[in-house]
Protein chains: 2
Amino acid sequence: MNKNIIKYQAYDATCPVRASLMLLSGKWTLMILFQINENVMRYGELKRAVVGISEKMLIQELNMLVENKLVTKKIYPEIPPKVEYQLTELGLKTLPIVDKLAEFGLENLV
Amino acid sequence: MNKNIIKYQAYDATCPVRASLMLLSGKWTLMILFQINENVMRYGELKRAVVGISEKMLIQELNMLVENKLVTKKIYPEIPPKVEYQLTELGLKTLPIVDKLAEFGLENLV
């Protein structure tokens, strides 16, 4: 019976794993959320923290994260403009996923 | 001090989150591991379970998972050939990550 429940989920568009992956499975998505973490981060800091990401990809990912309400973007009307990113309440809730990725990596990969 | 340690990790090629994402951040990767789970699954079953994946992508992902030692592939010399997939010990260790994805999805998305 329990097995049937799991099988049913697989065919269900409301599968929670699928829903999470739709949001979070980008190559850089969880890495960016991990780097912002509980901090307030300026664009430049984030660019340095997410080693290897291109400018284009970082901007694209950040826009996607803001659109999906995982990250807030605050622009200060200064010259040069200051832009800060921070995780939303929803974004903070992804950190336990990152913790498990870190645990898996630590124990098995690095 | 603690903050410095975290910052150091960000620049480090041995960052465990990065290492895990290199292996697992494919759009379908964790979904396939989730579907195989603790079962032994034939190719056809898996194709039906991972709704929406193309044949090409599923084969490519499975080859990658076998190459990275997350999944074993067993081919029975029958006609038609029977092919079974199962998580390795390493593959089974990714399931806690999937659990957290499921938890996040259940609580926030579906």
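Worth pointing out:
- Using a 7 Å projection from Cα along Cα-to-Cβ, the label point at B:VAL40 is separated from the same position in the remaining copies by 5.8 nm, smallest value first.
- Surface analysis of the protein assembly as shown yields an accessible area of 57 Å² per residue, using protein heavy atoms and a 1.4 Å probe.
- Of the two radii for chain B, the radius of gyration is 1.07 times the Kirkwood radius, both from the alpha carbons; that is the Rg over Rh value.
- Phi-based couplings in Hz for region A:58-63 (Karplus 6.51, -1.76, 1.60; Gly and Pro marked x): 5, 5, 4, 5, 5, 4
- Between helix B:95-108 and chain B: long-axis angle, C-alpha atoms, 0 to 90°, nearest 10: 80
- Residue-level accessible surface for B:ARG18, protein heavy atoms, 1.4 Å, Å²: 50
- Each copy carries a label point for A:ASN108 at 7 Å from Cα along the beta-carbon vector; from one copy to the others these points are 2.3 nm apart, nearest first.
- Using a 1.4 Å probe over protein heavy atoms, the accessible area lost on pairing B with A, summed over both chains, comes to approximately 3900 Å².
- Surface share of carbon and sulfur [accessible, 1.4 angstrom probe, percent] for the protein assembly as shown: 56
- The lysine pair tally for chain A, using Cα distances under 13 Å and a gap of 8 or more places or different chains, is 4.
- Separation between Cα centres of region A:41-69 and region B:48-110, rounded to whole Å: 30
- Measuring nothing but alpha carbons in the protein assembly as shown and taking Rh as the Kirkwood radius, the Rg to Rh ratio lands at 1.02.
The values are calculated or read from the model by the stated rules, or taken from the named source; none is laboratory data. As the structure is a prediction and not an experimental result, all values here were calculated from the model. A quick note on method: Cβ atoms are made from the backbone with ideal geometry, for glycine too, and the neighbour counts reach across all protein chains shown. For the accessible areas, the whole protein counts, side chains as well, though only heavy atoms, and no ligand, DNA or RNA atoms are used. Shrake-Rupley method; radii C 1.70, N 1.55, O 1.52, S 1.80 Å.
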